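Structure, as C-alpha cells:
The values are calculated or read from the model by the stated rules, or taken from the named source; none is laboratory data. The model shown is predicted, which means the values in this text are computed figures rather than measured ones. Here the Cβ is made from the backbone with ideal geometry for all residues, glycine too, and neighbour counts use every protein chain on show. Heads up: the accessible areas ignore ligands, DNA and RNA and are worked out on the full protein's heavy atoms, side chains in. Shrake-Rupley method; radii C 1.70, N 1.55, O 1.52, S 1.80 Å.
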Amino acid sequence: MRLNYLLMTMLVISIYNVNVIAELQINEFVAKNATTNPDLCDYTDYSDWIELYNNSSSEVSLSGYYLTSNKSKPQKWAIPSGAKIPANGYLVFFCDGYDCAPGKDDTRPYYPFTAKFTTQRYHTNFKLDKDAEFVGLTKGSVFVDSVTYTINSLADISIGRGSDGKWHKFDQPTPAASNSTTAKPLDLETRSSEVTFSVKGGFYSSGQSVALSSDGGTSIYYTTNGSTPTVKSSKYSSAISIKSTSTIRARCIDDDKLAGPISSSTYLINEKARTIPVISIATDSMLLWDKTIGLYENGYKLKEIPVSMEYFTNDGKQAFSINAAIGPGSLTSYECPQMPMQVAIRPKYGTDFLDYQLFSKPVTKFNRLRLRNSGDAWSTNYISDNIIYPMTYKQMDALNQAYTPVVVYLNGKYWGVYDLRDDFFPMFFKENFKDIDTTTLDQIEATMLPSGGGGGFGMAAEGKKLVRGSTTAYASMISTVKSGNYNAIKEIVDVNSFSDFILMVAYGVNTSWGHNYHYWKTAKTKWQFLLVDFDQAFKYTGLSTNMFNSGGGSISGALTTDTIFSNLIKISEYKNFFAQRCAAHLNSTLAPARVSGIVDSIENVLKPEMADQATRWKADKGIQSVSAWQTDVDDVRKFVTERPPYVINQIKNLFSLSGTA
C-alpha cells in the first residue's frame, strides 16, 4: 500500500482584517476536514467548518450577520434569525451547502426515505473546499472580520487565532472551544514520524509488553480503547502492559512539527484461534454508539467514520494495518444488529489504496471493500450470496464480487463472521480488466426511490440511476435494443454477459434482482452486467418458481418485464443463442455435482466459526445454533441439486421449444 504522507505546501495568510477587540471574530476554520468535529446527526459526516467567537462579556445576537466564502459577495449566507453566542462563547457553522438552521424537519436520501429527522446544527449555503480562498463575516454588507488564504494541506489542520491574536496552524483543532492546543507557524511543513511497535499485533496466549518508538519524535500519545490519540490522551513514557485484547492507537504530536499519522496494533490475548482470517477495526466508540452522532446506533447511511483496520491471516499474524473509514452498507440490512460495513480507503485517511491479495483471484489493489453480514441470509444459511463467486468466477461473463469469510473484532470485541467482498468502484474495474480506461466508465444500477422520486438522470421509466459517467451511452443502448437490430445490439451489448446475468437470476430464483441490477461500460468495451446480492436466492421453497413469468412474489417482477430482455427475446437469433448458452451452463457451470460441491466447501470453511456466531447473535434473532444453520445450508444444497430441470423446462416453455438440453 502506498502511504499518502504528502506534507503541506506553504499556507500563507495574505490578508486579514482583524480587530482583536471586535465583538465577533472568526476564531478557527477547517477547509479540508476528514476526522474532526463530526456532523453525523444531520446531513454529512465531516464537513468543513467555521467557528465564531464572541469576544464580549454579554450575549450577542447574530441577526443581520452574514458568512461568506467570496469577498465580492459579502451577504452570501445570512446567519438564521435566533442564532446567538453567549458571552465569551463559540458557535460552529458547517460549510456543506445545505443552508439551514437547527430545528428543520427533513428526510434522508435512503431507505426508508420517509423517515424524518430534525436538524441540530447550522449549515451554510456554501462549501469551503470549492471556494477555499476566503472566509468573511459581515454585518449587513460591512466586513467585521475576514481572512484570505491559500491552502493545499493535509486534512484536519485548522487555521485559527492564537493567544497573541495572530493566525496559526493547529493540528489539534478545538471546535466550539478556545484554541488551547499548541499554535504552530503558518509556514510549518514538517510532520512528525510514524510510531512503531516493539511487538507486532496478533494472537497471543499471554499478555504482552509493548514499547513505542518514533524516528525523531519525542512526544508519543496513545489510547487503548479505540479512540483517536490527542494531547489529552496518555503520554507514552514506558512499555505498555497489555493483559487483555486491546488496540493501541498511537501518534507523535511534537510542538515543533505537525502531528504524525496514527499507527495501530491489536493484541488478541487468550482469544480462540480462528480458522479464517481476522479483521480488527478500532475507532472512537462514540462514533459508533453515541445517541446523537453514533453511526450504527442511529443507522446513518451514506456517511463514514475514520477507523484503523488490521488484517490477520489464518495463523494469527498481522498482514497489514491501515487507516480507513467504515459506514453502514446495503439497502435494508444495515438495520441488522450485526451491521454490514463498507470500507473506504482514501488519501485523506492516509492511504491511497490497499496493496494486498485478499481473494483467490490475482488482484491486489483495493480502495473499496465490503464487510457483509450475508444480508437476508444472516439468520439462516449465511452462504446464498457467497456461493455466487466460486460458482461463476472464470465460468461466466457476468462478473461478481470476490468473497472470503472473515471474523471481525470491533474495538477488541468479537463481532462475528462477515463476508469480505470487493466493491464496484472504478479501481475494481481497472484491476479486474487491465486494459480499460476507467476515466470513461459509465456505470448504471437499479434504484428504489420513494414515490415521485424521479428515478434520477432521466431514467425513471427504467428504474435506474447513474452511478458515474454519463447517461448518453445508456440512452443510446436502450434505443438500439428497442430497434431490434441484433447486429447493432451485439456491437454495444455483451450478450454473453447479459445472458449469464439473466440465467443466474432465473436459476437462483433471485427475487430481489430488480433492485440489484448493475451494468457498466467504458469507451472501449461493450455494456457488461454484474451479479449482485443473491442473499434472497436458493430458497428451497422457491424450487419450482418461474422467474421468466413471475417475480417470485417480490417487488422485482418477472424477467420478461425487463426492457433489454423483453426486446431481445423478440429476436429469433438471440432466442436460439440464449437457449443454447443456458443449456451449456446448466450442464456444466451449474451442474448439480459441481455446485453442491461448492456449497459443501463453504460450509466446511464456516462450520468451525458458526458456534461463536450463534452465541454472539442468537439473542438478536441471528442464527440460533450450528444445527439450525446446517439445516438451512441443506436446503440450499437441495435447491442447487434439484433446480436445473425446472429452468430447462421454463426456457422451453418461454420459447415454445421441444427436445432435450
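Points to keep in mind about this one:
- For Gly217, nonlocal amide neighbours, meaning residues 5 or more places apart or on other chains whose placed amide H falls under 5 Å from its own, are Ser193.
- Overall form of the range 164-205 per C-alpha gyration tensor (a/c, 1.5; a/b vs b/c): oblate
- Peptide ranges 42-48, 55-61, 221-227 listed from the most packed, as the mean C-beta count within 10 angstrom indicates: 42-48, 221-227, 55-61
- Of the trypsin sites (Lys or Arg not before Pro) in the range 600-661, the ones in a loop by DSSP (not H, G, I, E or B) with at most 11 other beta carbons within 10 Å are Lys621.
- Accessible surface for Ser180 stands near 90 Å², nearest 10, in the context of the full protein assembly shown (1.4 Å probe).
- Each Cα pair under 8 Å and six or more residues apart adds its sequence gap; the mean of these over the residue count of the chain is a relative contact order of 9 percent.
- Among the protein heavy atoms of the chain, carbon and sulfur supply 48% of the accessible surface, probe 1.4 Å, non-protein parts ignored.
- Among Trp415, Trp289, Trp77, the sequence by solvent-accessible area, most first, with a 1.4 Å probe is Trp289, Trp415, Trp77.
- Between 0 and 90°, nearest 10: helix 572-586 axis offset from the chain longest Cα axis: 80
- Based on Cα contacts under 8 Å between residues 6+ apart, the range 472-541 shows a relative contact order of 30 percent.
- Distance from the range 40-108 to the range 525-580 (C-alpha centre basis), Å: 52
- For the range 291-352, accessible area per residue (1.4 Å probe, heavy atoms of protein chains only), Å²: 31
- Degrees separating the helix 644-655 axis from the principal Cα axis of the chain, which is the longest one: 80
- Which of Arg372, Arg594 is most accessible, then next, and so on - probe 1.4 Å: Arg594, Arg372
- Accessible area per residue for the range 511-563, computed on protein heavy atoms with a 1.4 Å probe, is 35 Å².
- Helix-derived mean residue ellipticity, 222 nm - over the chain, DSSP H n ≥ 4, -39500 (n - 2.57), to 500: -6000 deg cm²/dmol
- Probe 1.4 Å - accessible area at Met427, Å² to nearest ten: 30
- Pairs spanning more than 32 Å between alpha-carbon atoms, out of Lys232/Lys618; Lys169/Lys434; Lys76/Lys169; Lys127/Lys184; Lys464/Lys607; Lys76/Lys166: Lys232/Lys618; Lys169/Lys434; Lys464/Lys607.
- Helix 495-508 axis versus longest C-alpha principal axis of the chain: approximately 80°, rounded to the nearest ten.
- Exposure rank, largest accessible area first [His515, His585; 1.4 Å]: His515, His585
- 3J(HN,Hα) from dihedral phi, the range 510-524, Karplus parametrisation 6.51/-1.76/1.60, rounded to Hz, x for glycine, proline: 7, 6, 9, 4, x, 9, 10, 10, 10, 8, 8, 7, 10, 4, 10
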